[in-house]
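What follows is a short report on a single structure.
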Amino acid sequence: MTIKILPINAFNDNYIWIIVQGNDAVVIDPGQAGPVLAVLQEKNLDLRAILVTHHHADHVGGIAALLEYAPATVVYGPAHEAIPFRDVALREGDVVKPDGFSWALSVLEVPGHTLGHIAYFGQINQGQPVLFCGDTLFATGCGRIFEGNSTQMHQSIDKFRKLPQNTLVFCAHEYTLGNIKWALEVEKGNPDLQQWSQEAQAIRNQGKPTVPTTVAHECKTNPFMRVAQESVIKAAQIRAGRSLNAPDEVFAVLRDWKNNF
Ligand SMILES: [Zn+2]
């Protein structure tokens, strides 16, 4: 049975992802209940599980109301954070396989944005790899470092970089155009980035999401995935006014640059 993964718009720019198999559904990071309930009712779906990546309110705020509507829903979330109504606490390497679904997702610990942040990676529909990365990776950008440090965040992004190139990456926010503006400051001469800038603008003009992205696409266009590229290292060195000798240092300069952009 074909599995569909669809975005549900929430707040200004959040995406709550819903995985649909037959009449069963799983949602990831429901910061708001209303938009999720509307989709469940419109498509006549039973909510079976909620997967949470981290504790921020715009990712967990809808859990209570969803459980009132569907009390049997199982809530999965990171072991190292306080997640409301969590039933199953997850650590690196744990596998999530909600009852009745044909797929399973494994857990990656990706600290940086928050200290206990996790991501979910697995395969659906004849081996298509998928990643639900929460606020760790965005198209052409990455999450702000609220609790961890830039070394942790770099390691977390590096975990994603090593996933299969065709992995679909389901980001939790539509930040792409702003991220591209900044990325062009870093790598004006990157032809893939220039092309992406035009494509992303056209997609947004039609009111469509620019995500999911892929690991391959991020490796070509996202400065945070490109800290070993000569052009990115050079730009970061000019920005910092000193030579940078390790990818970690390049990453830290990029994150600081983006914060102040
Ligand atoms: Zn967050």
Residue check for V107: at pLDDT 95 or above, within 14 Å of the ligand (Cβ to nearest atom) and crowded, with 20+ Cβ neighbours inside 10 Å: no
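I'd like the full set of residues that are among the hydrophobic types (A, V, I, L, M, F, W, C) and either touching a Leu at 6+ places or on another chain (Cβ under 8 Å) or without any contact (Cβ under 8 Å) to a residue 40 or more places away in the chain (or both), limited to segment 208-224.
Going through segment 208-224, the residues among the hydrophobic types (A, V, I, L, M, F, W, C) turn out to be 211, 215-216, 219, 224.
Scanning segment 208-224 gives V215, F224.
Given the criterion over 19 Å from the mean Cα position of the chain (by Cα) and either within 15 Å of the ligand (Cβ to nearest atom) or of a type in the set (K, R) (or both), identify the matching residue among A64, A57, A82. Steps first, answer last, please.
Working: A64 fails: either within 15 Å of the ligand (Cβ to nearest atom) or of a type in the set (K, R) (or both); A57 fails: over 19 Å from the mean Cα position of the chain (by Cα).
Only one candidate qualifies: A82.
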Within segment 116-141, considering residues that are out of contact with any strand residue (DSSP E or B) (no Cβ under 6 Å at 6 or more places or on another chain) and over 22 Å from P30 (Cβ atoms), the one nearest to the ligand (Cβ to nearest atom): G141
Options L47, L37: the member that is free of Cβ contacts under 8 Å to residues at least 40 places away in the same chain, touching a helix residue (DSSP H, G or I) at 6+ places or on another chain (Cβ under 7 Å) and surrounded by fewer than 20 Cβ atoms within 10 Å (Cβ to Cβ): L37
Of all residues making up segment 167-209, the number that are over 16 Å from G141 (Cα atoms) and either among the charged types (D, E, K, R) or touching a strand residue (DSSP E or B) at 6+ places or on another chain (Cβ under 6 Å) (or both): 4
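The values are calculated or read from the model by the stated rules, or taken from the named source; none is laboratory data. No experiment lies behind these values; they were computed from the predicted model shown. As a convention, Cβ positions derive from the backbone with ideal geometry for all residues, glycine included, and neighbour counts pool all protein chains shown.
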